[in-house]
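Each remark here refers to the structure printed beneath this line.
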Amino acid sequence: MKILVTGSAGFIGSHFVCYALENGHNIINIDKLTYAGNLENLENYKNHPNHSFYQEDICNRSAVENIVFKHAPEVIIHMAAESHVDRSIDCADEFIRTNINGTHALLDASLKYYKQLDNKHNFRFIHLSTDEVFGALGPTGQFDETMPYKPNSPYAASKASSDLLVRSYNKTYNFPAIIVNSSNNYGSKQHPEKLIPLTILNALELKNLPIYGDGKQIRDWLFVEDHVNALFAIISHGKIGESYCIGSDNEISNLDLVRRICEILDKLRPANKPYSELITFVKDRPGHDFRYATNASKLKEHTGWFPRVTFDEGLQKTVEWYLSNEKLRANSNARNRIGLIHEN
Ligand code: NAD
């Protein structure tokens, strides 16, 4: 399959691209390479014969249109975004620009391309979004596709807006789009500003492990490789015009998650005291959502997908990956930008 991916040098995008190339697909890759994009994430695949990379901004409609028409993809999968909640609280400008205007530009370029296709049945547009568009849950219940949108952060609001644009193109133009609302992902190659890599990397330098508020906020963690499998299941079996929630029932509080990482590190790289002694509670983030939990029943029913990696296995693999990546450990700038953390 010929697949055009936006945001392919980021965390999820790079996992998607590597998996796709390993499985014989053709990849056309658009990434602006913001602070969050890193071509090293695609290191072994840079010169792959089935891989074309364009350093481009999705807001540049004519450039994107040229790439789309030149390569004539069967699937466009849209992952490019500003993705860090804390940054959106600092300043939402880039979130509005990329997540809303950029999605709009990409949709217009893709629609123009779609309209002139002879074989329209073969084309799909997959839009990656987040469960954060649904807001926050109390102690019980799960997000599903029927929930109203109630985004609480500028990041979530910008993603919600992009979802609504994608939905409107499907309803108005019969544009074959599918929206994917995923829970928090974890795994290798995630930017060091996010909770799991930040905890591992700070611990290795014996720095404080900052936790917002009392650390009782709960997130539902999805191993990034399970997410990539779900995206391929959606490409093959997802129904046009639908949205799919993805999660893998791995609910854990931020505090317990950080403690689990400390326990793994105590075994793999013992220090002279338990890493958990580095845990430090810091002022809570404004509007911090209490709990996310995502029900993937519809996705399972429509596509047969199920998560394959348990949280214990996935977390162990993730910690081991960061331990073996000295280069990343050297780059402490990014994670110190705000001095704090967020789990997504
Ligand atoms: P990321 O921040 O790691 O990567 C984003 C990528 O997009 C980077 O490579 C960046 O260079 C690129 N990019 C940003 N602005 C761009 C622009 N204007 N033009 C072209 N490229 C641009 O993000 P991620 O964690 O891989 O997330 C990918 C997608 O999945 C995003 O849409 C995000 O909202 C969504 N999502 C992520 C998670 C998660 O836990 N990581 C959960 C749910 C949904």
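I'd like the residue in the stretch 166-183 that is among the aliphatic types (A, V, I, L, M) and within 10 Å of Ser129 (Cβ to Cβ) and, out of all such residues, is nearest to the ligand (Cβ to nearest atom).
If we filter the stretch 166-183 for residues that are among the aliphatic types (A, V, I, L, M), which is where we start, we get 166, 177-180.
This time we only want the ones that are within 10 Å of Ser129 (Cβ to Cβ), so: 166, 179-180.
On the way: Val166: 12, Ile179: 11, Val180: 8 Å.
Result: Val180.
Go through the stretch 16-36 and count every residue that is within 12 Å of the ligand (Cβ to nearest atom) and open to solvent by 20 Å² or more (accessible area, probe 1.4 Å). Going through the stretch 16-36 one residue at a time, the tally reaches 5.
If I filter the stretch 68-79 for residues that are part of a strand (DSSP E or B), open to solvent by less than 10 Å² (accessible area, probe 1.4 Å) and within 11 Å of the ligand (Cβ to nearest atom), do I get at least one hit? Break it down stepwise before answering.
The first filter runs over the stretch 68-79 and keeps only residues part of a strand (DSSP E or B), leaving 75-78.
The next check asks that each one be open to solvent by less than 10 Å² (accessible area, probe 1.4 Å); those that pass are 75-78.
Now narrow it down to the ones that are within 11 Å of the ligand (Cβ to nearest atom): 77-78.
Among the residues of the stretch 68-79, at least one is part of a strand (DSSP E or B), open to solvent by less than 10 Å² (accessible area, probe 1.4 Å) and within 11 Å of the ligand (Cβ to nearest atom), which makes the answer yes.
Could you list, in sequence order, the residues of the stretch 112-138 that are open to solvent by 10 Å² or more (accessible area, probe 1.4 Å) and away from the ligand (no atom under 16 Å from the Cβ)? Those that are open to solvent by 10 Å² or more (accessible area, probe 1.4 Å) and away from the ligand (no atom under 16 Å from the Cβ): Lys112, Tyr114, Lys115, Gln116, Leu117, Asp118, Asn119, Lys120, His121, Asn122, Arg124, Gly138. Say whether the condition of being open to solvent by 20 Å² or more (accessible area, probe 1.4 Å), modelled with pLDDT of 95 or more, small (Gly, Ala, Ser) and part of a helix (DSSP H, G or I) is met by at least one residue in the stretch 254-274. So far as the stretch 254-274 goes, no, none of its residues is open to solvent by 20 Å² or more (accessible area, probe 1.4 Å), modelled with pLDDT of 95 or more, small (Gly, Ala, Ser) and part of a helix (DSSP H, G or I). Residue count for the stretch 301-327 under the criterion of being closer than 23 Å to Glu132 by Cα and open to solvent by 80 Å² or more (accessible area, probe 1.4 Å): the result is 2.
Can you say whether Ala109 is within 16 Å of the ligand (Cβ to nearest atom), closer than 19 Å to Leu33 by Cα, open to solvent by less than 10 Å² (accessible area, probe 1.4 Å) and of a type in the set (Gly, Ala, Ser), as far as the supplied structure shows? So Ala109 does not fit the description; no. For the stretch 44-58, the set of residues classified as over 11 Å from Thr6 (Cβ atoms) and either among the β-branched types (Val, Ile, Thr) or within 14 Å of the ligand (Cβ to nearest atom) (or both) consists of Phe53, Gln55, listed by residue number.
Cβ-Cβ contacts under 8 Å between residues 6 or more apart (or on different chains), taken from a first residue in the stretch 32-49 that is closer than 12 Å to Ala80 by Cα to a second residue that is in a helix (DSSP H, G or I) and more than 8 Å from the ligand (Cβ to nearest atom), are listed as Leu33/Leu39.
The values are calculated or read from the model by the stated rules, or taken from the named source; none is laboratory data. Computed from a prediction, not measured in an experiment: that's the story for all the values here. Heads up, the Cβs are rebuilt from the backbone with ideal geometry, glycines too, and the neighbour counts pull from every protein chain shown. The area values use the complete protein model at the heavy-atom level, side chains included, leaving out ligands, DNA and RNA. Shrake-Rupley method; radii C 1.70, N 1.55, O 1.52, S 1.80 Å.
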